Structures are given as structure tokens and as C-alpha cells.
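The values are calculated or read from the model by the stated rules, or taken from the named source; none is laboratory data. It should be emphasised that the depicted structure is a prediction, and the values quoted were computed from it without experimental measurement. Glycine also receives a Cβ, built like all others from the backbone with ideal geometry; neighbour counts cover every protein chain displayed. Quick note on the areas: whole protein, heavy atoms, side chains included, nothing else; ligands and nucleic acids left out. Shrake-Rupley method; radii C 1.70, N 1.55, O 1.52, S 1.80 Å.
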Number of protein chains: 2
Amino acid sequence: MLKLSRLTDYAVAALVRLSAAEGVETSPGIAAAIGVPEPTVAKVLKLLAGQGLVSSTRGARGGYRLGRPLASINVAEIITAIDGPIALTSCVEGATGMCESQTLCPVAGRWDPVNAAIRTALENITLADMAQSSMPRGLRLNEVA
Amino acid sequence: MLKLSRLTDYAVAALVRLSAAEGVETSPGIAAAIGVPEPTVAKVLKLLAGQGLVSSTRGARGGYRLGRPLASINVAEIITAIDGPIALTSCVEGATGMCESQTLCPVAGRWDPVNAAIRTALENITLADMAQSSMPRGLRLNEVA
DNA sequence: CGTAATCAGGACCTAAACCGTCCTGTTAAC
DNA sequence: GTTAACAGGACGGTTTAGGTCCTGATTACG
């Protein structure tokens, strides 16, 4: 259904929350703030830390801190951090031998332009755009398209 | 993983095939042409027919015919026909009572601009664009973005 | 008029992916 | 030394999509 994973949703919530906190916040603290079970939030934060979107401090009184300002984080980065590279995974996945009927299949690498288009669209939306709940939809669209 | 369903892939293959056939072609015929099991192809074609992307003729010597030229069919239409409306289905799905912590959850309708951006990106790619296997990638991208 | 071919529409089952949890190890403050 | 927190991986339950099949309706052809 072209859906993104729920974890990505949590990631956005966590990042926005971290931005509001303006400092170090622990995983349990964030979990309580956004209303999501702690282990799940921890998992998301680990993934985000792996991509440098948040920086972590270990030990007591440690926690997570926003790696960059919201305006410089785009949606594509978050999705990539959580779900892996953005690709519509039809035949393109490098599945060896999966498509032995390549002579028949006329859809060889044809989704590539679609993938690219989606990627650029997502790269042009920053977390700062999503953070404003007022959401001036029509206006923002023209920036993207 | 932001992936689209495999059925959508089949749909594109079937439509391109129908365009090449330039006339009526049966469901088994298309299945053989694109190398996909017949029942699955039949399912896809029914979905496409429901949205008017292909027109069907029943009875013996019947079959499917392309509803419109490839250039006037965009990717968003196909995805919508197969997978339903394009929406990243986080909280937005109208799930009543699913998000009882709305006061906490700061991700209310925030994915809407993202959905819209993806939708417009997909609407700007036609099947004719996908049909050319040469795929001048960088050029086409600028048309979209 | 009957038979065969084809689409229409739904029900069903299997399989895979995701979500969420837990466990163990490492680091740093008190 | 103890406690609080992140790091990283492994595991099971649930959901969703993919694929198949069956029955009915429609039309060409003999």
C-alpha cells in the first residue's frame, strides 16, 4: 500500500520532541513524552543514532541529543535510517535468479525514475516543515513540485 | 521499506504489453507474455478495469484493451487502482479510537504534506516514461522536481 | 440452440514482513 | 562499587499481502 513503517512515525515524533527539549533527554523520558512503549522508542533511537541523526551519551545522566537542527533533517533521511534505502523493490533488489525470465519481463529497471522522483520529493521536506502543526499545505506543495 | 506491492509491478507490465499488442488480448495471453501466473494477472486486470484503465470485452474472443494511451496514464493512477489511495497510513487512516493518546501524540496529521508531495511526484510520471527502456534518468527527474 | 471461451466477483489459504519485547554487554556519573 | 543509561542482537506474535480457486454472467461460433 506504499505505506511507511510505524517506527518511522515514532522517529519523527521523537525527533520533534528532542527538538523541543533542547538538551539531553533519556529514552524513557522520550517514550513517556510521545506515548510509546519504552523498548520500542529505544530501538528507534538506536537506529537514528546509527545514522547520526541523534547523538548519544552513555552512562548515568546520559541520553540522546538532536544531531542537527530540524530544518536540516529531511524525511528521506529518517525513512532511510529506519527502513533502509528507499527503493520500491520490485525486481530491482538484486535478487539473483529471482527474475530468470528477464527476456520476457519488460519491467527490467523501469521503476528507477519513479524511485528517484519519490526520493527527491522526500528530500525536499524537512522535519521543520512537519513540526508546524498548522500545516499550510497548498503552499508547501509548490515548493516541492 | 516504502515498497509498493508486486501487483503494481505486474500492472505496469500488463499495460505496457497491452500497448504493444494494439488490440484485444486475453488474460492468459498477457500472462504468458509477461511471464506471470494467469490467475494473478487476471486479478490485476480486474482491478485495472475497475478504474477504467483498461476496458474489457466479455464472452468468447473477448479480452482486454487499453483504455487510454500510455502517455495519459500516470503512475499514481495505477498504484491507486491496485493498492487503494496513496497514503502513508500512520495515524491518518481514520482509525477511530486507535489514537486515544491524541493529546500526547504530536504527529497528528503531519504526514499529510508528505503524502501530497509523493502523490504529485507520481502523477507527473506517465507509463510512456516507464515504457522506454533506454531510461534517460537525470533528464526526466528535472521534469518532476 | 447449445457449447465453449472469456470476464466478474468473491472467499480462502499460505507465507513473509513488521512490530514489539527481552536479554546481555558496555559506559559513565555518583 | 553501584546505579543509570545506551549498544546490539535474538526471538516470537500478529498482521498484511500474494496467490489460488470456485461459481456465476456474458458473448461468439458451430
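Here are a few things to note about the model shown:
- Close contacts from the range A:45-68, counting a first residue that is within 12 Å of DNA strand C (Cβ to nearest atom) and a second that is open to solvent by 60 Å² or more (accessible area, probe 1.4 Å) and part of a loop (DSSP other than H, G, I, E, B), with Cβ to Cβ under 7 Å and a gap of 6+ residues or different chains, come to A:T57/A:V24; A:G63/A:V24; A:G63/A:T26.
- Residue within the range B:89-103 that is at positive phi and modelled with pLDDT of 75 or more present: no
- Among the residues listed as B:A81, B:A32, B:A76, B:A71, the single one being assigned to a helix (DSSP H, G or I), more than 15 Å from DNA strand C (Cβ to nearest atom) and within 13 Å of chain A (Cβ to nearest Cβ): B:A76
- Residue selected from the range A:6-22 under the condition open to solvent by less than 20 Å² (accessible area, probe 1.4 Å) and more than 9 Å from DNA strand C (Cβ to nearest atom), by the criterion farthest from A:G84 (Cα to Cα): A:L18
- For A:K3, the criteria (1) without any contact (Cβ under 8 Å) to a residue 24 or more places away in the chain; (2) exposed (fewer than 15 other Cβ atoms within 10 Å of the Cβ) hold in every case but one, which is (2).
- Here A:V107 passes the criteria (1) crowded, with 17+ Cβ neighbours inside 10 Å; (2) at pLDDT 70 or above; (3) hydrophobic (A, V, I, L, M, F, W, C); (4) not in a helix (DSSP H, G or I) except the one numbered (2).
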